[in-house]
Structure formats: C-alpha cells, structure tokens
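The values are calculated or read from the model by the stated rules, or taken from the named source; none is laboratory data. Quantities reported herein were computed from a predicted structural model and do not represent experimental measurements. All Cβ positions, glycine included, derive from the backbone under ideal geometry; neighbour counts span all protein chains shown. Remember, those area values only see protein heavy atoms, side chains included, never the ligands or the DNA or RNA. Shrake-Rupley method; radii C 1.70, N 1.55, O 1.52, S 1.80 Å.
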Amino acid sequence: MQELAKQPTEKASPAPIRWRGLAFIRRSLLALCVFGQTTVASNYLMWVLPYHGGTWVEIGLVVLFALLYAWIAVGFWTAMLGFVLQLFGGDRHSLLKRHSAREIAATPLAKTAVVMPIYHEPVQRTLRGLRAVYRDIERTGQLHHFEFYILSDSRDPNVWLEEQAAWQRLCDELGADGRLFYRRRTVNLNYKSGNVADFLRRWGRRSDYMIVLDADSLLSGRTLVRMVQLMELEPRTGILQTCPNVINGQSLFARLQQFANRVYSPLFATGLAAVQMGDAAFWGHNAIIRVDAFMRHCGLRKLPGIGLFRGPIMSHDFVEAAYMGRAGYEVWLEPGLGESYEESPPTLADELTRDERWSKGNLQHLWIMLFGRKLRLAHRMAFLNGIMAYLASPLWLAFLALTTVAAAQMVLAPIDYFPEGHQALFPLWPEWRPEWAIGLALSTLALLFVPKFLAILSLLLTRQTRPFGGFIRLLLSVLVEIVISVLLAPVRMLAHSRYVLGAIFNVSLHWGGQNRTEETTWKQAILNQLPGTLVGLAWSGFALWLDPLFFFWSLPVAIPLILAAPTSVLLSRVSVGQALAAHRLLLIPEEIQPPALLLDVADESQLLPHLDGLSRFEEAILLPRLNRMHQSLARWHSSNARRESLERLTHLCLREGPAALTRNELSHLCQDKASLAWLHKEAWRSEPDSFWGRRLAFLAAAEN
C-alpha cells in the first residue's frame, strides 16, 4: 500500500517461534538437492561440449544452463516434497493442522471487511460473484461479523454509473444496506495498492481483518469463517494466503489452465508452503490480512532509483509480505483452506498482456531485494523467484543464441586446437557427443514433466481420479496439457523476453480492465505472433542450411513459433473447450459437483437489466429512480468557475447529446448533483425531434 497515515510504530511483542528451525532444515535440504543436481548436470554439459568449456562461448553456455537448470530444479524438488507430504496426509506443522477442527469451530469471529478493488471490470459478472460470496457467508450464520466494500477505480462514466446502479440493486436484493458499501476514487493514484490504501485511511479502523478479493475471486463462506478463526487463534500471523483454484474456464486455453491448476498445484503448493512456512508470500487476493499490523508496517514508499526503479511499486503484494515479516509477523500459505477460486484469462493474448504488467512489477522487486532493509532472507528469495519467473525467458533465449553460435563455429570455422585461454603447448581436441546431449536434454525434460505424473499418482493413491473423469481420461487430459504447454513455451519465451527489455528501458504501460470473454480473431493472432513466426522460420532455415542435425535440434522451438498464430486462435475457441468437456476431458471436480457458491455465481439473473439502445449515461439521466440514486452519490459544487463550466457542459449535452462531450466531461457532469437534476428535468421536457426526445420515445417503446 502507499505510505499510510502515520501510526505509532509499536512492534508486536515477540512470541516463542518453534517452526523456524524446521524451516531452516527444509530449506537447506532443498538448496542441497538443487545445487548438487545443478553441479552434476553442468559438469555433464561441459563434457558434452566439443571443447569441454574451453571457449568463452562454451563458458557462457554452461553458466546460462546452470542458472536455468537450477530454476527448474527448484520447482521439481518443491513438487517432490509436496508429493511426499501428501502421501502422509499433509504437513502436520502447517497453520491449519496446529488446531483441531473443534477448537477452530469454537473460536469466535472478529469484525472483518471483505474488499473488492475493481477497474473497468464487467459489472454484472463481477457483482454476481460478490453476491454469491455474500449469500454463502449468510448461510454460515456469521454474516453479522462481515462488511463488504466495492472499491472502484473506473474512469469511464458508462462503467461506473452501471457499478453504482448495480450496487444499489444488489443492496436492495440482499437487504444489505449498511453492510455493503461502494466507493469510487476520483483520483486513482498507484493502481490497486493505492485503491486499498485509500480505503484503509478512511475506514481501516472499523475492522480487525481485511479479506482482499479480485474481480474474479470467490471464497466460500465456510473458508472465510475459518480464515478469521485461524487469525484469532494465531495472533502472530499477519497474512494468511489461500491457494486459489482456477474455475469457470470456457475457452480451450482457460480450460487447460484450470485443469493444470487443479491437478498440479496441490503438489507444488504443499511443497512451497512446507518450505516457506511462516515466511510465505502474499499473492494480492484471496487472503486475509491483520489490518492494524498492515497499516502500521506495510505502507509502500516510492522507489528512489532511476528508470524502472523510480516511482510507485507496481506489484505490491510480495513487498507487503516482506514488510509484514520484517515487523515480526508471520505470513502463511495454507493449501488446506479449500473453496478458494479465481478465473484464468480466456486467451493466450490476454495472459501475455497481463504478464507484461506483472513482469515490470516483478523486476522492480530487484531494488527491494538488494536494498531493502532488515528483510528476511526467505522473502528476498521470494523476490528472486518472482524475478526469475520472467528473467528465465531472456536467459533461455540467450542460451539458444549461444547454441547457434557454437554450432556455426563447429561447421563454418576451422577446428581450433588452441582455443582462447588454452595453453599453447597442449592442443585441445574437440569432441562432440550428440548422444550425451540427448541424454542431458531428456533429464532436463524429466524435471519438467515428472511432477505432472506424480500428481496423477497422488490422485490415484488417494482415490480422487473420478472427479477428473476417471483415470484414463485424467491421463489423456494430462497428455493434452503437456503437448500444448510444449507449444506455448517458446511463444511465452519470446514475449517475456520482450517484456523484460521493455521493463529495463522503462516503457510505459496501459493499465486496463481484463478481457474475460472474447475470442482471438485470426487478424489479431497474426499481428501479435508475426514476429515470433518470422524468428522461428529464420532460425530453422538457418539451422537447415548449417547442419541437418542442428536443424532437427531446433525444431522443438521453431515449430511452436511458426504455429503460434493458429495455436493462439485455436486456444481461444470456446467451442473447442466445450467439445473436450463433452468428452469428459480437462474436467475438474467443481464441474461435476459444483458447491453452492458456484451455483450462485451461475445464476444469470441480472442485477441491473439493460435497455438495449440506451447507454448507462442516458439511463442515468432519463430513469427517475436511477437519477435520484446517482444524485445521492454526487456532490454539490459551489465555486463560480466550476458552476459556469458545468452549466456549459449541461447545455451542450442537452442540445447535442452525450456524444458531444469527452469522457472526462461526462464524468464531471455525473459527479455533480445539480447537473444530474437539471439534465433529468430538461431531458423530459425536450421536443420530440431533439436528441433527448428521441431517447424518450425509445424508452417508452422499450417499456411497452
């Protein structure tokens, strides 16, 4: 969050900590496995290379390989730990397993705010989700402990007028007046973190805890109640993070994402939680936060550096977790808290657009990782992990480039028996062992894919394959996911490499609402993927000209780049996703037996019916009840200069309609009580052949 109002910096009193020794042992074993395996693999690569690391190109290859191999090995051994722990019923040292079910159920709740920051989101879809969460908490009988806040940063008046009207409709439907609140910032500084910080400055002292939801987030009432009870039982815990499952996927891409998340993430999340323990990361949503500690210790200052490292922190969540840990509080990831959900971007293009924002935010963490004061080592490693999620792509690209250089040197240049740095008295005989290289490549692929089959084995041993369509369909679904993940890996590599370069040069980004429904057209796919297609064609063509063996070596990267456009189009198709679902492939348990929470979300009843042909602004002016409601949320502006400007805009709007005004001008009108009242009265008096007269005729026809 942004720098909050100054609070007394009273530090929480220390308590006996019993998990840190175990965390040290687990992390040390993980590091030993990762670095030991990486050392063996790197030495193996050195003997595969013709000059055994005797040239600068080969040294570069070995260094890049070691970095990338270690990055993959971390994920592999984390999944292995998760697999072992799941065989024994989970981590008995986790936060949830410290307390019996009876003890948790008997713990009284404290006042909790459920906050949902939104920015140009699909209004009906978003508030249906919040309505489902509200109803599910109501079913627990604990609703009186919760308040709900919709925190809007939307700038388009047609969007935020709909938000206001839908909120009022939702309050009426749920009987939630005094419990469900809506606030829109007129100045939206510093993205989502600034939005939540503004809420805390105004109303943070009303609640003991804050549960943060994204626009596509869902948490069941039972899980929300247990989260509050755990926070009450664990006063040293500052943030408790759930592990959201991806749901509601319709396109092939979204269904692949939700299937992979549902099948593989339990292993990775269990292992990650066991390694991090009370030094976990915060993912920005589907988590509960101790408000007082958060306000005291998690205010974010702007970065003081240059370029990328100057200005507001874009990815705030990891930083807030690190600051919470610095203050002496614990941050826990708890995979055992089920019924936590989110949605996936529907297309590859939308995922990459999101990654462009995330890459810049994560790379900013390099400054905090290096120069942040008194941060715990585990949180610095979490920063490094997030940075490598995007930095790995340009490293991989550089590795491929050096591989091409090395191959070209072997074919085009004469054999050099005395490469740079080698003693002149003793020639170095080049040896090329392609069969060893294939073995090393297969061992690397094993690190990537063995955890996926361990996930199948875990489900088989625990008799949980039926909710995924049965063992055979589960296995087929995993094979489909593997094939498509192989096709997408080079595409993501090129995109992420470009994003990292853009971040380094501090290219400004547009921060907009996410697409959650639209498919990718052929034109969009070709334009987006053309650079990668050209790179794939050029590289494979050069490899074929250079050496047939190297050509075959290049195909696993070149073919996905060449096919990127049709792959992108195919993955965006809802019909393909539905066809696979009809054959019970890529299924998840929530599709077979959805909980009450998801059934509520599927309720398509409109919070605010829309009159086709009228914009939300026109509805706000013409419909008496809506106009009064919007007036109640607007303000009086008394300054003469402001009144003159508003009067000019209202007369222009009355005479020529809203199309004559800019978006900002319409926003100024909608925020002024007098302008809304005057436009409503005068629009209803308009001549039949005027703009508003024609709108009234349309309204009358629609109501009849």
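So here's what we get for this one:
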{"quantity": "Residue 547 accessible area, assembled protein chains, probe 1.4 Å, Å²", "calculated": "50"}
{"quantity": "Share of Cα-Cα pairs in the stretch 56-124 lying beyond 15 Å, as whole percent", "calculated": "77"}
{"quantity": "Kirkwood Rh, Cα atoms: Rg over Rh of the stretch 173-308", "calculated": "0.99"}
{"quantity": "Extended-chain gain in nm, criterion 0.36 nm per residue less alpha-carbon gap, residue 205 and residue 645", "calculated": "154.6 nm"}
{"quantity": "Semi-axes of the equivalent ellipsoid for the stretch 552-660, Cα gyration tensor, largest first, Å", "calculated": "50, 26, 14"}
{"quantity": "Where only C-alpha atoms are counted, convex hull volume of the stretch 96-163 per residue in Å³", "calculated": "115"}
{"quantity": "Pairwise Cα inverse-distance average, inverted: Kirkwood Rh of the stretch 246-327 (Å)", "calculated": "15.4"}
{"quantity": "Cut-off 19 Å (backbone N to label point 7 Å along Cα→Cβ of residue 475), residues of the stretch 64-92", "calculated": "none"}
{"quantity": "³J(HN,Hα), Karplus 6.51/-1.76/1.60, whole Hz, each residue of the stretch 59-68, x for Gly, Pro", "calculated": "4, x, 4, 5, 5, 5, 4, 4, 5, 5"}
{"quantity": "Solvent exposure of the chain as accessible area per residue, Å², 1.4 Å probe", "calculated": "45"}
{"quantity": "C-alpha long axis of helix 191-203 to longest principal axis of the chain, angle in °", "calculated": "50"}
{"quantity": "The stretch 183-234 - Rg and Dmax from Cα coordinates, angstrom", "calculated": "13.4, 39"}
{"quantity": "Relative frequency of Cα-Cα separations exceeding 24 Å in the stretch 129-239, percent", "calculated": "28"}
{"quantity": "Rel. contact order, % - alpha carbon contacts under 8 angstrom, at least six apart, the chain", "calculated": "18"}
{"quantity": "Proximal lysines relative to residue 302, as straight alpha-carbon distance under 19 Å, when same-chain residues fewer than 8 apart are discounted", "calculated": "6, 192, 360, 374"}
{"quantity": "Relative counts (whole %) of C-alpha pair distances in the stretch 43-196, using bins that are 5 Å wide", "calculated": "2, 7, 11, 10, 9, 7, 8, 10, 9, 8, 5, 5, 4, 2, 1, 0"}
{"quantity": "Antiparallel bridges, percent of DSSP beta bridges restricted to the chain (to nearest 5)", "calculated": "30"}
{"quantity": "Computed helical MRE - 222 nm, the chain, DSSP H runs ≥ 4 contributing -39500 (n - 2.57), nearest 500", "calculated": "-20000 deg cm²/dmol"}
{"quantity": "Volume of the Cα convex hull of the stretch 279-402, divided per residue and given in Å³", "calculated": "146"}
{"quantity": "Rounded percent of accessible protein surface that carbon and sulfur make up, the chain, 1.4 Å probe", "calculated": "62"}
{"quantity": "Approximate spin-label separation residue 681-residue 98, in nm, with each point projected 7 Å along Cα-to-Cβ", "calculated": "6.3"}
{"quantity": "Sequence of 617, 471 from largest to smallest accessible area, 1.4 Å probe", "calculated": "471, 617"}
{"quantity": "Compactness index (Cα Rg / 2.2 N^0.38 Å), the stretch 463-507", "calculated": "1.88"}
{"quantity": "log₁₀ of I(q)/I(0) at q = 0.05, 0.07, 0.08 Å⁻¹ - the chain, Debye sum with one point per alpha carbon", "calculated": "-0.29, -0.56, -0.72"}
{"quantity": "Whole-number percent relative contact order across the stretch 580-700, with pairs defined as alpha carbons under 8 Å at least 6 apart", "calculated": "25"}
{"quantity": "For the chain, size of Cβ-based charge dipole, Lys and Arg +1, Asp and Glu -1, in debye", "calculated": "1900"}
{"quantity": "Accessible surface, 1.4 Å probe, highest first, among residues 268, 309, 35", "calculated": "35, 268, 309"}
{"quantity": "Accessible surface of residue 642 - all protein chains present, 1.4 Å probe, nearest 10 Å²", "calculated": "80"}
{"quantity": "Cα-based reach from residue 673 at 21 Å (exclusive), listing lysines while leaving out same-chain residues under 8 positions away", "calculated": "681"}
{"quantity": "For the stretch 306-351, alpha-carbon Rg over 2.2 N^0.38 Å", "calculated": "1.69"}
{"quantity": "Pair-distance profile P(r), taking every C-alpha pair of the stretch 455-604, with 5 angstrom steps and integer %", "calculated": "2, 8, 11, 13, 15, 14, 13, 11, 8, 3, 1, 1, 0"}
{"quantity": "Residue order for 374, 97 - accessible surface, 1.4 angstrom probe, largest first", "calculated": "374, 97"}
{"quantity": "Computed FRET value (nearest 0.05) for residue 441 with residue 593, which takes r as the C-beta separation and R₀ as 25 Å", "calculated": "0.05"}
